[in-house]
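**Student:** I am attaching a structure below and will ask some questions about it afterwards.
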Amino acid sequence: MIRISQIKLDVNENTEAVASKIAKQLRLNKEEILSYAIYKESIDARRGTVKKVYTVDFEVANENKLLGKYKNLSKAPDLEYHQVSSGEKELTDRPVIVGFGPAGIFAGLTLAEAGYAPIILERGEAVEARTHTVESFWSSGVLSPESNVQFGEGGAGTFSDGKLTTRIKDMRCRKVLKALVDAGAPAEILYKNKPHVGTDKLKPTVMGIREKIIALGGEIRFSTRVDELIIQENAVKGVKTSAGDIIASEIVIMAMGHSARDTFEMLHDKMVAMQAKPFAVGVRIEHPQALVDRVQYSSEKRPEGLGAAEYRLTHQTEDGRGVYTFCMCPGGLVVASSSEEGRLVVNGMSAYARDAVNANSALLVTVTPEDYENSGPLSGVRFQRMLEEKAFKAGGENYAAPVQRVGDFLKGQKTVFENTWSVQPSYRPRVMGADFSEIFPQFILDALREAIPAMDKKLHGFAREDAVLTAIESRSSSPLRIHRNEETLESTSTRGLFPCGEGAGYAGGIMSSAVDGIRVAECIIMEYQKIQKNGDC
């Protein structure tokens, strides 16, 4: 296969025109192109003209006559995932995976495909029941601490945009995308420059991967929290669950997600090596989606054939602190995402169609252990909890979210909520006007007040007075990192323990978490023999 770049189509042209464009550019007959597959699609909206730009892998009978003749041609790389070979070390019990978010799912899938029949323990519900529980919370304000937006099948990403963009350059990303497509996700995620699934399509996709793991011999236990890691002589021997069961295993993958604070505490009590790390906290900011479309597409009306526009903004304050937008949800909603009673958390979510009236994004300020009382690995958790408790109080202590209009926030005056606002907050169950100085420390307030007008210069309208800020976004990443060996990915303090994914401090989103799950599974496969059906290695 040959790879060609910079194939441009008008936004209303069908992808079937790709072959004709390639043939014309290379002076071939269309029939000479035996097959082709789109590798990447991106949007170029510069200079006021919107184009779809493609990178395509294609096949011709004699590729040598083309290679070296054109600058935008190269040999296409091998995109297939190749399973690693099994090791020689005897494995007595089935591997245990704690958590069934992206890291746990893809660690489980990789182990199951290799014949290791993992046991996966997830404290939350299966996605069908979990959806009802979450919807109940959004409508009634009654929280389930064990099954919510943070805990349950698919992890926090299940109630998000299903965004699959990542900065990591790893061929395992292709395995993740292909597995999602095989389980029911839209095929376009294989080539879209900024792929997303949407929470509505992600749920059945996650169920499809679950069924594949089970069909391959894996076992998944929902509503099963791990309460204790059993360690003897600095080596894992198994886990004890909330049901009182003890599951023996010399291999435990900890893929528990960034909100499993009680699990962090348990691991800390067990002397598992970890440390506090930088993270970020802030708010969700909402604008009319039409505003974002108008600015990004340089058009009063969204061009036909294009989806809701996105943005990504960064700013460094005068004192060197980073402020940035994160997990931008075009045509989305701000959603209640608490996992602990008496503490308020928000996040963003979009359906596949991205057709809601508002656009929203996290607007975050970087926080380091130097910004709070750093009294050990769990000090970041304590800082998050303090802010979440203040947000809960500011909202009226019933999971209403405190909101402040940008104009009021920049002036330092309290917001009084009115149903007649031009930009209506999308958060449920309800919102309450607030003064964010009652929630955030001064350094966060100062950073946001400097960044918002600066970002307006890059996206005109970002600082409009009627845009809505909703507090508090505090779970963008884990506040700690569990130490592991860089090569084996095993805990530096506890043999057989494999910290994995976002909760362990090694990822930041669906894709990087999933890839980390695959990497951990590969390390286990390369060291251990798989267990045969009769129990013998």
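**Student:** What percent do you get for the relative contact order of the range 12-161 when only Cα pairs under 8 Å and 6+ apart count?
**Tutor:** Result for the range 12-161 is 14 percent.
**Student:** Normalised by the residues of the chain, what does the relative contact order come to in percent, with Cα pairs under 8 Å and at least six apart?
**Tutor:** About 19 percent, as a whole number.
**Student:** Kirkwood Rh, the range 113-217, all Cα pairs: how many Å?
**Tutor:** 14.9
**Student:** Evaluate Rg over Rh across the range 238-329, taking Cα atoms for both radii and Kirkwood's formula for Rh.
**Tutor:** Value, to two decimals: 1.21.
**Student:** Taking R0 as 56 Å, what FRET efficiency do you get between S422 and K89 from their Cβ-Cβ distance, rounded to the nearest 0.05?
**Tutor:** For R0 = 56 Å, the calculated efficiency reads 0.30.
**Student:** Given the convex hull of the Cα atoms of the range 28-129, what is a quarter of its surface area in nm²? Intermediate results must be reported in sequence, preceding the final value.
**Tutor:** Values: hull surface 54.9 nm².
Averaged projected area of the range 28-129's Cα convex hull equals 13.7 nm².
**Student:** Cross-link candidates for K390: which aspartates and glutamates have Cα within less than 15 Å, leaving aside residues fewer than 8 places away along the same chain?
**Tutor:** Qualifying aspartates and glutamates at Cα under 15 Å: E340, E341, D435, E438, E473.
**Student:** What does the charge count around A129 come to, taking other residues whose C-beta lies under 15 Å from its C-beta (Lys +1, Arg +1, Asp -1, Glu -1)? Write down the numbers at each step before the final one.
**Tutor:** Numbers: positive: R123, R130, K203, R210, R221; negative: E122, E125, E128, E135, E146, E153.
Neighbourhood net charge equals -1.
**Student:** Just report the Cα centroid separation between the range 125-193 and the range 20-35, whole Å.
**Tutor:** If we compute the Cα centre of each part, the gap is 39 Å.
**Student:** With Rg and the Kirkwood Rh both taken from Cα atoms, where does Rg over Rh land for the chain? Provide the component values of the computation, followed by the final result.
**Tutor:** Details: Rg = 24.3 Å, Rh = 24.6 Å.
Reported Rg/Rh (Cα atoms, Kirkwood Rh): 0.99.
**Student:** With N denoting the number of residues in the range 13-56, provide Rg(C-alpha) divided by 2.2 N^0.38 Å, to two decimal places.
**Tutor:** 1.27
**Student:** Also, quick follow-up: Relative contact order for the range 165-277 using alpha-carbon pairs under 8 Å, separation at least 6, rounded to a whole percent?
**Tutor:** Rounded, it is 14 percent for the range 165-277.
**Student:** Let me ask something else about it. Based on DSSP H assignment, which helices of the chain show an axial Cα extent of at least 18 Å together with a mean Kyte-Doolittle hydropathy greater than or equal to 0.5?
**Tutor:** Helices passing the filter in the chain: 510-527.
**Student:** Okay, next question. Quick one: net charge of A276's neighbours, Cβ under 14 Å, K/R +1, D/E -1?
**Tutor:** Taking every Cβ under 14 Å from that of A276, the sum is +1.
**Student:** Of L121, N14, F137, which is farthest along the charge dipole of the chain in the positive direction, counting Lys and Arg as +1 and Asp and Glu as -1 at C-beta?
**Tutor:** N14
**Student:** Determine the distance separating the Cα centre of the range 475-536 from the Cα centre of the range 344-401; give it in Å without decimals.
**Tutor:** So the two Cα centres are separated by 27 Å.
**Student:** For K169, which aspartates and glutamates qualify as cross-link partners when the Cα separation must be under 16 Å and same-chain residues fewer than eight apart are set aside?
**Tutor:** Partners found: D78, E80, D516.
**Student:** To continue, here is another question. Longer than 24 Å from Cα to Cα, which of K201/K530; K8/K69; K40/K457; K192/K301; K75/K178 are they? Say none if no pair is.
**Tutor:** Details: K201/K530 34 Å; K8/K69 20 Å; K40/K457 30 Å; K192/K301 22 Å; K75/K178 22 Å.
Table pairs above 24 Å Cα-Cα are K201/K530; K40/K457.
**Student:** Another question, if that's okay. Could you compute how much accessible surface E389 exposes when probed at 1.4 Å, giving the result in Å² to the nearest 10?
**Tutor:** For E389, solvent-accessible area is about 80 Å².
**Student:** Taking K270 as the anchor, which aspartates and glutamates have their alpha carbon closer than 14 Å to its alpha carbon, excluding any fewer than eight residues away along the same chain?
**Tutor:** Cross-link targets: D227, E228, E233, D262.
**Student:** What is the magnitude of the charge dipole of the chain about its Cα centre, with +1 placed on the Cβ of each Lys and Arg, -1 on the Cβ of each Asp and Glu, and no other charges, expressed in debye to the nearest 20?
**Tutor:** In total the dipole reaches around 1760 debye.
**Student:** Report, in deg cm²/dmol and to the nearest 500, the calculated mean residue ellipticity at 222 nm for the chain, where each DSSP H run with n ≥ 4 adds -39500 (n - 2.57) and the sum is divided by the residue count. Kindly include the intermediate steps, with their values, before the conclusion.
**Tutor:** Working: 11 runs with 136 residues, N = 537.
That comes out to -8000 deg cm²/dmol.
The values are calculated or read from the model by the stated rules, or taken from the named source; none is laboratory data. Bear in mind the structure is a predicted one, so any value in this text is a computation, not a measurement. Don't worry about glycine lacking a Cβ; one is built from the backbone with ideal geometry, like all the others, and counts go over all protein chains shown. When the accessible area is computed, the model is the full protein with side chains, heavy atoms only, and any ligands, DNA or RNA have been set aside. Shrake-Rupley method; radii C 1.70, N 1.55, O 1.52, S 1.80 Å.
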